[in-house]
Amino acid sequence: MRKRFIGSIISLILMVSLFLVACSSKEETTGSSTSDSSGNGEASENIELEIISGGNNLPAPEDDVIKQELEKAIGAEVNLSVVSSEYDNQLNVRLAAGDFPDLFAVNRQQILDFSKKGLLLDLTPHMEKIQSVVDFIGEDNVTKAKVDDKVFAVTVPPQIPYNTYWIRKDWLDNLGIQAPTTVDELLAVASAFTQDDPDGNGKNDTYGITGGVLNAFQPIFGAYGVGMPGSFYLKDGELVNSFYDPAMKDALSTIKKFIESGVVDPEVVTNTALQHQQKAFQGQYGIIYIDWPNITKEVFVEQIKTVNPDAEWIQLRAPEGPAGYFDGTHDIGTAPRYYAIPKELEDDPAKLEKVFELLNYVSSDKGSKLVQYGVEGEHFNLEDGKVVPTDLLAEEGAYFWLYQFTGRPEMEYLKTKFAAQEEYIEYAAEQPRIEALNGFVDIPEGYNPADATRYYEEEIIKFIYGERPLSEYEDFVATLESTFNYQAMLDAAEQQLTDKGLVK
Amino acid sequence: MELKAKTNKNTIVTERSRMKILMTSIWKNRAFYLMLLPGLVWYFIYKYLPMYGVIIAFKEYNFSDGILGSPWADPWYKYFQQFFESPYFSQLLTNTFLISFYKLIFGMVPSIVLAILLNECRVAWFKKWVQTLSYMPHFLSWVIIYGICIAFLSQGTGLVNRWFVEAGGSSIPFLTSSEWFRSVLVGTEVWQNLGWGAIIYLAAMAGIDTALYEAARVDGASRFRMIWHITLPGIRNVIILLFILRLGHMLDAGFEQIYIMYNVQVYPVADIIDTWVFRTGLEQMNFSLASAVGLFKSLIGLVLVFGANHIAKKWGEGIW
Amino acid sequence: MGGRNLVRGIEDRIFDYIIYFFLALVGLSAIFPLLFVLSASLTPFGEVLKNGGYILIPKTLTFDAYKELLSQARIPKAFGVTVFITVVGTFINLILTTLMAYPLSRKKLPGRNFLLFIVVFTLLFNGGIVPTYLIVKGTGLINTIWAMIVPNAIWSFNVLIMKSFFENLPEDLFEAARIDGAKEFRILWQIVLPLSLPVMMTIGLFYMVGHWNEFFQAIMYVTDRTLQPLQVVVRDILLQNSDQLSANVDNMVPTVTMQMAAVIIASVPIILVYPFIQKHFTKGMLLGSIKG
């Protein structure tokens, strides 16, 4: 009897789900056929472009206004699909199976890899066809996608820097002290935060500084003119690797002093995601190194105010040290991502033209505004040539960036979309930073960066926590060079940067 | 002379009859082979056909040439070499084995004990509730469990440490100290799988003949003795089977958990083979390396399974 | 005589109390974190932070996270897909697994060791994602709902467990049936299966949970949005595994409240399956059949 009951439940569930599945797939087919007829008056063949990248929250095709507008503009179907994780695996299996999408997101390493395997279309002979793109992203960025002088992908221009120290203004006020401007003052303020009960609750539950692992110390390294561990940069016109910077030991020594005085988050190495943000919001830390979105977006402001309505965070300029002040290190050679075209698309010139058309369109004035801000009149209005977003943009616009195949003019975009945070954006962007060149250096063959990275991360942590005396610093570098073959990296950087004319 | 001839004839007869016996046997069991057929076909297509992929470990895999067409690595052991020659190789191996071993022992025993406790529980509603609660953690992702971990074990603000400090002790850096981290790893996994692991032992216990318990009760055995002499032996083959199977995966120490929970300060005790492969692969998209390491793990697993099975056979158990 | 019973009675009771104590401990240790997840899903995150980062009993209730998640049209669709995969998939799993496990449990089967080795070997060795993808593609499953059912149709682990249980069944039953002239299929259907309800339910549960949590295969083999199962949709909404993309500044931020609500929505249905199954784990099922 019970068996029959369960059996009927199961068949009921089965029928319901079959129904749901059948219904949804029917919707999908009717959906696409509508867009077919609307996008395509004259052309007899409908070209379908398939694009893949990492990402999330792409709406269903019938709700995707960007897709619809793009299809109208170029007269072909634009089928973007994104995956929230395992993108690399998905890309790899599709390339291996010969199932090439027409445009796909890649990073620098993949460009190197795939171009050597002959999978990517060499764009160099087609550069005139995508002149709009070149104009839009700039020659410098085009070069970033070059391998042996051939362009293999379209670069999405880099973002502007977002990170700075932030400090609790209300704590400063409560204690009657000023925001620190030098490294020594920073230590003093952090100590005051730790010992003098700045939130006035009578409990010894507040500390000084936190951040994402070593990022908590970016401005301190900067105060000595030293790049973050492992970075390559120019110092007095010469190429230098941060480990060999004579000021590195001093920087490490100062950070060690900070940690010894107990003002730093004891578990700073566990802040691999946003744990430091939560700790700061909870009111445990008064100084945090973080990006402005994660502390000034409305949803976060709300969290901060719920915990303590008096809490006020302001940006703090990097503290001054022997080398002046630098807000950490910023890699000027990287790009957030690139988009590549598969080589075999050569055999389908009509489709290839459409891809170029798409890329040109999103780089044009009208197209660029579309993928940045949406539809004019709905998501934004033009007032005196300036873009003014409507409320609809905030509601629906979270996914537009997935269509920004050639990026966007960062500063203008951020200030328009996040008008409330304009001062923070500008402040973070204009801070002097040490310009790292690592993005311009390709990992040499036979070198395993992961092992070297683990080694130096571990040892640097040991130095600043006093678990290894700084007198052994030279030994550390020697081991890094030999056992971990870091010498290969140094040589590669020297050679490649000289070849690229970035270093004399 | 004569004797030899006789022996030859006997041998021929024996061989022929052996074949005949075999053929008759197969025919007799044809229903079984029929049953096995769909499954074997599936295994062939979806498990064995893709196995040629293991040669990626010996090749410079090139998508356009395909797996078979790609050139051989030079030398053929190139990627194995890259793995073995890493300065961290022995540490990775040690960590992987130790963590796996702790998880194995501290995982199986509590689950078995829980199953016994549940089996002996005579209040039906209590048993049902506790069991349902106990396997719920299995459904929580490691991201969430890590968040809970931090709330409890964080050095500054974790609940546990706050109690310590209030009680006059000092806080313990559970998440950043080499001494405690492995315990945290093993402990959280045991907690997550305690109830889930008990399910299978309970199912096995349901199959034990109740007549045995009746007889023991009549003989005046205590509950404890009944557990020791009836329940445990009754699930013995399941315990041994699971033990052998888990041995085969000794070199998988729980990538997802460790990747989410580890940090630079605990690398020396928590970095395992899979996390190393992941970090190395991140920078270099290296199929061949991942394949080579995978092959290495499989071979070790095979040896362990064979070894364990051999020992198990001496006790009358064993997979084959 | 009477005295002995009394002593045994007390011994028994002490034993019981010890059992209750430990079981209560287990129950409590499981319930606290779960309460935490549930409460966090019902409280705005600011409140959780205010309370030191965790909260057991919410003071302000908000169903916003649930409303937000359930209002998305793709959740019911994904739900339907997942239910389909789970029900149909488990059905197929159980049939195939039983058909493999039963013959392999017959110790006298010629070639048994070889066949067992075939099964065990696949537990340890694996061709890799690319060759498997090529085979799945070659058998025409890419972008169909079957891609989430067929490539995973048999778990060697479950075959071995089932075989182990079948081996425990008393030989006399089979002898008796064979003497009566019953064929093997009939024996399987009428004798073995009814006696194996506990293991069937357990293995069935394992497969069901596996299907319910299906993620990797869905992402690799299926790009059609209408075929995305629950886990894929949930992770898409929450970007819980943002491995590569440092979350672009435009991304809607999934609050911790939403993440917890998603966990509840995604796991509660399957958690509730087991209590139903549990009823079949009663002792003494074997007893009746032998005597009979």
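Some points to look at:
- For region A:375-387, Karplus couplings with θ = phi - 60° (6.51, -1.76, 1.60), whole Hz, Gly/Pro x: 8, 5, x, 10, 9, 7, 10, 9, 10, 6, x, 9, 7
- Stokes-Einstein D in µm²/s, Kirkwood radius over Cα pairs - region C:73-282 at 25 °C with 0.890 mPa s viscosity: 125 µm²/s
- On a per residue basis, region B:17-173 carries 50 Å² of accessible surface, using protein heavy atoms and a 1.4 Å probe.
- Residues whose amide H comes within less than 5 Å of that of A:Val147, counting only those at least five positions distant or on another chain, are A:Phe152 (H built at 1.01 Å from N in the peptide plane).
- Solvent-accessible area per residue, Å², over region A:52-206 with all protein chains present [probe radius 1.4 Å]: 37 Å²
- Principal-axis tilt of helix A:298-307 within chain A, Cα atoms, nearest 10 degrees: 40 degrees
- Using a 1.4 angstrom probe on protein heavy atoms only, the contact between C and B buries about 8400 square angstrom of accessible area, both sides summed.
- Radius, Kirkwood style, for region A:327-392 when every pair of distinct Cα atoms is counted (Å): 15.0 Å
- Under the membrane-span-like helix rule (DSSP H runs whose alpha carbons stretch at least 24 Å along the helix axis, mean Kyte-Doolittle hydropathy 1.0 or higher), chain B yields B:89-120, B:287-314.
- Computed over protein heavy atoms with a 1.4 Å probe, the carbon and sulfur contribution to the accessible area of chain A reaches 50%.
- Interface residues, region C:211-235 - accessible area loss of 40 Å² or more versus chain alone, probe 1.4 Å: C:Ile219, C:Met220, C:Thr223, C:Arg225, C:Thr226
- Residues in region B:192-217 occluded by at least 50 Å² - accessible area, probe radius 1.4 Å, against chain by itself: B:Trp196, B:Ile199, B:Ile200, B:Ala203, B:Ala206, B:Thr210
- Taking the DSSP bridge list for the protein assembly as shown and keeping only pairs wholly inside it, about 60 percent are antiparallel.
- Only Cα pairs under 8 Å and 6+ residues apart enter the sum, and on that basis the relative contact order of region A:257-352 stands at 12 percent.
- Exposure ranking of A:Asp291, A:Asp149 by accessible area [1.4 Å probe, largest first]: A:Asp149, A:Asp291
- Partners for A:Lys369 among lysines (Cα-Cα distance below 20 Å; same-chain residues under 8 apart left out): A:Lys67, A:Lys72, A:Lys354, A:Lys386, A:Lys415, A:Lys417
- Modelled this way, with points 7 Å down the Cα-to-C-beta line, the labels at A:Asp475 and A:Glu445 are 3.7 nm from one another.
- Listed by number, the DSSP H helices of chain C that run 27 Å or longer by alpha-carbon position along their axis and have mean Kyte hydropathy of at least 0.0 are C:2-42, C:74-105.
- Solvent-accessible area of A:Val65, all protein chains in place: 30 Å² (probe radius 1.4 Å, heavy atoms, ligands and nucleic acids excluded).
- Cβ-based charge dipole, region B:100-225, positive-most Cα from B:Val165, B:Ala215, B:Ser178: B:Ala215
- Cα gyration tensor category, rounded, prolate or oblate, for chain A with a/c compared to 1.5: prolate
- Largest accessible area first, the listed residues B:His229, A:His126 line up as B:His229, A:His126 when surface is computed with a 1.4 Å probe on the assembled protein chains.
- With a 1.4 Å probe rolled over the protein heavy atoms of all chains, the accessible area of A:Glu395, A:Glu459 falls in the order A:Glu395, A:Glu459, largest first.
- Three-way shape call for region B:83-316 based on the alpha-carbon gyration tensor, with the a/c threshold at 1.5: oblate
- Sites C:Leu28 and A:Asn174 - FRET efficiency at Förster radius 45 Å, r taken between beta-carbons, to 0.05: 0.65
- Area accessible to solvent at A:Glu62, 1.4 Å probe radius, in Å²: 100 Å²
- Each principal axis of the Cα cloud of region B:225-295 was evaluated for its coordinate range; sorted largest first, these ranges are 57, 29, 16 Å.
- Cα→Cβ-extended label distance, 7 Å offset, between A:Glu346 and C:Leu35, nm: 6.8 nm
- For region A:241-288 versus region B:108-180, the gap between their alpha-carbon centres in whole angstrom: 30 Å
- Between the C-alpha center of region A:409-479 and that of region B:28-97 there is a gap of 38 Å.
- Distance (nanometres) between label positions extended 7 Å along Cα→Cβ at C:Arg13 and A:Asp63: 6.3 nm
- Relative contact order, percent, chain B [alpha-carbon distance under 8 Å, six or more residues apart]: 24 percent
- The mean of 1/r over all distinct Cα pairs in region A:119-224, once inverted, gives the Kirkwood hydrodynamic radius of 18.1 Å.
- Placing unit charges on each Cβ (+1 for Lys and Arg, -1 for Asp and Glu) gives the protein assembly as shown a dipole about its Cα centre, and among C:Ile92, B:Leu242, B:Trp320 the Cα reaching farthest toward its positive end belongs to B:Trp320.
- About its Cα centre, chain C has a charge dipole of approximately 620 debye under the convention of +1 per Lys or Arg Cβ and -1 per Asp or Glu Cβ, with nothing else charged.
- Charge dipole (the protein assembly as shown, unit charges on Cβ, about Cα centre) - positive-most of A:Gln496, C:Val233, A:Tyr447: C:Val233
- Share of carbon and sulfur in the accessible area of chain C stands at 67%, probe radius 1.4 Å.
- Accessible area per residue, Å², region C:2-62 with all protein chains present, probe 1.4 Å: 55 Å²
- With every protein chain in place, chain B: carbon and sulfur % of accessible area (1.4 Å): 67 percent
- The P(r) of region C:2-62 has a tail past 20 Å containing 53 percent of all C-alpha pairs.
- Taking amide H as placed 1.01 Å from N in the peptide plane, the amide H of B:Ser70 sits under 5 Å from that of B:Asn62, each at least 5 places away or on another chain.
- Region B:249-287-region A:203-240 distance, computed between alpha-carbon centres (Å): 26 Å
- Three-way shape call for region A:159-220 based on the alpha-carbon gyration tensor, with the a/c threshold at 1.5: prolate
- For region C:45-132, fraction of C-alpha pairs farther apart than 15 Å, in %: 79 percent
- In the assembled protein chains, B:Tyr52 presents an accessible area of approximately 80 Å² (probe radius 1.4 Å).
- Equivalent ellipsoid, the protein assembly as shown (semi-axes from 5 times Cα gyration tensor eigenvalues, Å): 53, 38, 31
- Amide H contacts under 5 Å for A:Lys235, placed H, 5+ residues apart: A:Val240
The values are calculated or read from the model by the stated rules, or taken from the named source; none is laboratory data. Keep in mind it's a predicted model, so treat the numbers as computed, not measured. FYI the Cβ positions are ideal-geometry reconstructions off the backbone, even for glycines, and counts take in every protein chain you see. Note: areas computed on protein heavy atoms with side chains; ligands, DNA, RNA excluded. Shrake-Rupley method; radii C 1.70, N 1.55, O 1.52, S 1.80 Å.
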